[in-house]
Amino acid sequence: ARFLRSARVEAERVLMPLEKAMQAERDLLTEDEATLITHAIGQLREAMGGEDHRAVQDLTEMLDKVSAGFAQRRMEQALQTGLKDVAVDTLEGELADAPVGGGAHD
């Protein structure tokens with residue numbers, strides 16, 4: 001029972017942000033990818049209602065793998081958005097002022 005609870009918690013940890021991201025950033029998904037991820041979510045939710053903790057673990061890992069491309073594109077978009085408004089001169093200045101080396105162990 002403990003393994004099943006743990007597997008379900010891990011599954012929810014993966015499912016909740018993924019489902020939210022799929023709604024918020026649907027434009028980053030291909031049609032095939034959305035179908036595949038939605039199917040994997042359905043399989044995982046079904047397994048979570050059962051008693052087989054290994055099935056929940058395996059399907060959580062599968063969902064993680066099939067959604068990896070989507071996660072990568074979300075991360076890249078976040079980085080681009082975050083850096084879009086930063087001037088190159090500002091970045092160069094900050095990098096020039098940054099300490100070099102490991103600090104106390106130098």
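Report, by residue number, each residue of the range 1-30 that is over 17 Å from Arg74 (Cα atoms) and not in a loop (DSSP other than H, G, I, E, B). Talk me through it step by step, then tell me what you get.
Initial filter on the range 1-30 (over 17 Å from Arg74 (Cα atoms)): 1-13.
Listed by number, the residues that qualify are Arg2, Phe3, Leu4, Arg5, Ser6, Ala7, Arg8, Val9, Glu10, Ala11, Glu12, Arg13.
Any residue in the range 72-82 that is closer than 30 Å to Leu4 by Cα, modelled with pLDDT under 95 and either within 21 Å of the chain's Cα centre (by Cα) or among the β-branched types (Val, Ile, Thr) (or both)? Lay out the reasoning, then the answer.
Step one: list which residues in the range 72-82 are closer than 30 Å to Leu4 by Cα, which gives 72.
Add one more test, that the residue is modelled with pLDDT under 95, and what stays is 72.
Next cut, either within 21 Å of the chain's Cα centre (by Cα) or among the β-branched types (Val, Ile, Thr) (or both) only: 72.
Yes, because at least one residue in the range 72-82 is closer than 30 Å to Leu4 by Cα, modelled with pLDDT under 95 and either within 21 Å of the chain's Cα centre (by Cα) or among the β-branched types (Val, Ile, Thr) (or both).
Condition first: surrounded by 11 or more Cβ atoms within 10 Å (Cβ to Cβ) and not in a helix (DSSP H, G or I). Now tell me which residues in the range 31-60 satisfy that. Matches in the range 31-60: Asp52 only.
The values are calculated or read from the model by the stated rules, or taken from the named source; none is laboratory data. The shown structure was predicted, so the numbers you read here are calculated from the model rather than taken from an experiment. All Cβ positions, glycine included, derive from the backbone under ideal geometry; neighbour counts span all protein chains shown.
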